[in-house]
Protein chains: 4
Amino acid sequence: MTYEFRLRRRVEFYETDMAGIVHFANFFKYMETCEHAFARSLGTIVHPGENDHGGVVGWPRVHAECDYRRPLKYDEEFEIHLLVREKKDKAIHYDFHFWKVGEQADRPLARGKLVVVSVGHINGEVKAIPMPAIYAEKLTVAPSEILARYEVKA
Amino acid sequence: MTYEFRLRRRVEFYETDMAGIVHFANFFKYMETCEHAFARSLGTIVHPGENDHGGVVGWPRVHAECDYRRPLKYDEEFEIHLLVREKKDKAIHYDFHFWKVGEQADRPLARGKLVVVSVGHINGEVKAIPMPAIYAEKLTVAPSEILARYEVKA
Amino acid sequence: MTYEFRLRRRVEFYETDMAGIVHFANFFKYMETCEHAFARSLGTIVHPGENDHGGVVGWPRVHAECDYRRPLKYDEEFEIHLLVREKKDKAIHYDFHFWKVGEQADRPLARGKLVVVSVGHINGEVKAIPMPAIYAEKLTVAPSEILARYEVKA
Amino acid sequence: MTYEFRLRRRVEFYETDMAGIVHFANFFKYMETCEHAFARSLGTIVHPGENDHGGVVGWPRVHAECDYRRPLKYDEEFEIHLLVREKKDKAIHYDFHFWKVGEQADRPLARGKLVVVSVGHINGEVKAIPMPAIYAEKLTVAPSEILARYEVKA
């Protein structure tokens, strides 16, 4: 049973914009990278195609958000901390916290959220369906004191 | 005085992902395009560099979010409707509503929000400073009945 | 019969990098946009899915290149000129020339090339197959004096 | 003295397009990532800003190209092999070879080239200037038999 995942990454030059910082839309790509690595760590894959995953063919996002506190720059290393905030039959709510490597203590760069829904094909239409067993079994909601720890810091 | 802007655009092939739809992060790029076109319509520019705009050199985002209702696909034309939800001394809150062209009536694709802050250099640091006069003068908050119309539909 | 297409576009903020100019990889996206608009002008579409286009389901690139002469910046308007350099049974060679609007005469920004191949499904594999009739009928190779005009300028 | 660098990476979901493969423009981002990691391995940085690197502030590309042999897909791991093909006073020519992890032997995915120029500010203009000493000292041209090995394979 797991409710968190950490990923370390370095800012690419092509992720910056003319303001000299990471373009804000790229934080959503970083969240995706972290979510997909988390799924891999569970032994599954976010976009399985038509292979058998209980009929689930993907996890479209129904909500995405990010709060930006401090800029992230070229070549800087940062860490993303994924936490499972909520788990429903057909949906997962993820929280993401961004830190510059070496500044872990109390200086968040950004925090984000994704709400994703497991979908499959029903009568030729894409519909929400129960998530694959591997998520249902292995993934759990983060304890409220872990979630709350970030509330205080932020 | 203006509080809204509309932009029409077509989905590019490179904006899609292997799920066959526009990648979710691109909706934030679409909002940016619309915000910048709105600024242009006011006679100003979002990223002025060091030219005189009351010392404002840019508008970093402090918050971005999007709710996704229905997928948007390659080659489809869509419309973005920007509305000014809130206007402070140093910040603007924008709402964005996405529609497929030809479906205007009651089928939103997505809705988004950006909160942007006007910044300048103060003693070598980037700080929030009052927005340029052109925004202060020309931009106004959308009437609540306009903002509310979307609440009902969504 | 046509062998050329022109597209005008403005640089988006999100297309710039920290060097303050359009990131070099984006010129390939600009070429794609122009190629797809050209196909649309012929009455067809580059990525038709499984609809009938003589069995052609897409046009993967086998070669792409770009020479960069001068930088392109945020908010600048530019024009792309597509020319058909070569046309084979299953492949098209496109040339692309980039100009800043208002500088048309003798100051190219960049020139690019794409070689694209029409493919379909044959026995479950993606293979090169003859291009759809609409390309075969409507698209022709640019006269050598048109192609040569750019050689001189460049 | 070094003339090569290898980087391993996994395909991100956001790098795919609706054809189900890595979008062709992303191979140029992969080359950039590898070039920047190579510079880091030499103890320098491709985009140093205004810090002292012999006055060099960046390395704009003057040429970029890629030949695509086989598609690369979501979640696949691949390797990029950078080789220095040519070294001039103010320019470096890089070759890049892409392989799927596990297929190293004789099945290249793609090959690419970048020609980059070291630039600095001279009288307020960006001009080509001699490359920083660290490149001049540490970087050498790949032996012709190494470069040729790929010619045979491709």
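The values are calculated or read from the model by the stated rules, or taken from the named source; none is laboratory data. Bear in mind that the values here come from a model prediction, so they are computed numbers and not experimental data. Cβ atoms come from the backbone with ideal geometry, glycine included; neighbour counts cover every protein chain shown.
Considering (1) over 30 Å from A:Met18 (Cβ atoms); (2) more than 12 Å from chain B (Cβ to nearest Cβ); (3) in contact with a strand residue (DSSP E or B) (Cβ under 6 Å, 6 or more places away or on another chain), say which one A:Ile80 fails and leave the rest.
(1)
Which one is surrounded by the most Cβ atoms within 10 Å (Cβ to Cβ), of the residues in the range B:23-46 that are facing chain A (nearest Cβ under 9 Å) and assigned to a loop (DSSP other than H, G, I, E, B)?
B:Phe24
Determine which single condition D:Val101 fails, assuming it passes every other condition in (1) in contact (Cβ under 8 Å) with a residue 40 or more places away in the chain; (2) surrounded by 18 or more Cβ atoms within 10 Å (Cβ to Cβ); (3) farther than 27 Å from C:Val22 by Cβ.
(2)
If a residue has to be modelled with pLDDT under 95 and more than 30 Å from C:Ala133 (Cβ to Cβ) to count, how many in the range C:52-68 make the cut?
So the count comes out to 0.
Tally the residues that are farther than 20 Å from D:Glu151 by Cα and among the basic types (Lys, Arg), restricting the search to the range D:42-99.
4
Applying the selection to the range C:34-71, what residues are closer than 27 Å to C:Glu103 by Cβ and touching a helix residue (DSSP H, G or I) at 6+ places or on another chain (Cβ under 8 Å)?
Listed by number, the residues that qualify are C:His36, C:Ala64, C:Cys66, C:Tyr68.
Does A:His63 count as of a type outside the set (A, V, I, L, M, F, W, C), surrounded by 16 or more Cβ atoms within 10 Å (Cβ to Cβ), closer than 27 Å to A:Glu137 by Cα and more than 10 Å from every other protein chain (Cβ to nearest Cβ)?
On the way: of a type outside the set (A, V, I, L, M, F, W, C): yes; surrounded by 16 or more Cβ atoms within 10 Å (Cβ to Cβ): yes; closer than 27 Å to A:Glu137 by Cα: yes; more than 10 Å from every other protein chain (Cβ to nearest Cβ): no.
For A:His63, the condition - of a type outside the set (A, V, I, L, M, F, W, C), surrounded by 16 or more Cβ atoms within 10 Å (Cβ to Cβ), closer than 27 Å to A:Glu137 by Cα and more than 10 Å from every other protein chain (Cβ to nearest Cβ) - is not met.
Are any residues in the range D:8-22 crowded, with 18+ Cβ neighbours inside 10 Å, touching a strand residue (DSSP E or B) at 6+ places or on another chain (Cβ under 7 Å) and more than 14 Å from chain C (Cβ to nearest Cβ), and if so, which ones?
D:Val11 - this is the single residue of the range D:8-22 that is crowded, with 18+ Cβ neighbours inside 10 Å, touching a strand residue (DSSP E or B) at 6+ places or on another chain (Cβ under 7 Å) and more than 14 Å from chain C (Cβ to nearest Cβ).
What single numbered condition from (1) crowded, with 19+ Cβ neighbours inside 10 Å; (2) out of contact with any strand residue (DSSP E or B) (no Cβ under 6 Å at 6 or more places or on another chain); (3) within 13 Å of chain D (Cβ to nearest Cβ) fails to hold for C:Gly49?
With respect to (1) crowded, with 19+ Cβ neighbours inside 10 Å; (2) out of contact with any strand residue (DSSP E or B) (no Cβ under 6 Å at 6 or more places or on another chain); (3) within 13 Å of chain D (Cβ to nearest Cβ), C:Gly49 is out only on (1).
Would you check if there is a residue in the range B:4-13 being in a helix (DSSP H, G or I) and either under 25 Å from C:Lys29 (Cα atoms) or in contact (Cβ under 8 Å) with a residue 12 or more places away in the chain (or both)?
Taking the range B:4-13 as the starting set, the residues that turn out to be in a helix (DSSP H, G or I) are B:13.
Among the residues that remain, those that are also either under 25 Å from C:Lys29 (Cα atoms) or in contact (Cβ under 8 Å) with a residue 12 or more places away in the chain (or both) are: B:13.
Yes, some residue in the range B:4-13 is in a helix (DSSP H, G or I) and either under 25 Å from C:Lys29 (Cα atoms) or in contact (Cβ under 8 Å) with a residue 12 or more places away in the chain (or both).
Taking the condition of being small (Gly, Ala, Ser), surrounded by 13 or more Cβ atoms within 10 Å (Cβ to Cβ) and under 28 Å from B:Val22 (Cα atoms), how many residues in the range B:109-154 meet it?
2
Here are some residues: B:His93, B:His36, B:His63. Which one is within 23 Å of A:Asn26 (Cβ to Cβ), in contact with a Lys or Arg (Cβ under 8 Å, 6 or more places away or on another chain) and free of Cβ contacts under 8 Å to residues at least 40 places away in the same chain?
Numbers: B:His36 fails: in contact with a Lys or Arg (Cβ under 8 Å, 6 or more places away or on another chain); B:His63 fails: free of Cβ contacts under 8 Å to residues at least 40 places away in the same chain.
On inspection, the qualifying residue turns out to be B:His93.
What is the one condition in (1) charged (D, E, K, R); (2) surrounded by fewer than 18 Cβ atoms within 10 Å (Cβ to Cβ); (3) at the interface with chain D (Cβ under 10 Å from one of its Cβ atoms); (4) in contact with a Ser or Thr (Cβ under 6 Å, 6 or more places away or on another chain) that C:Arg69 does not satisfy?
Every listed condition holds for C:Arg69 apart from (4).
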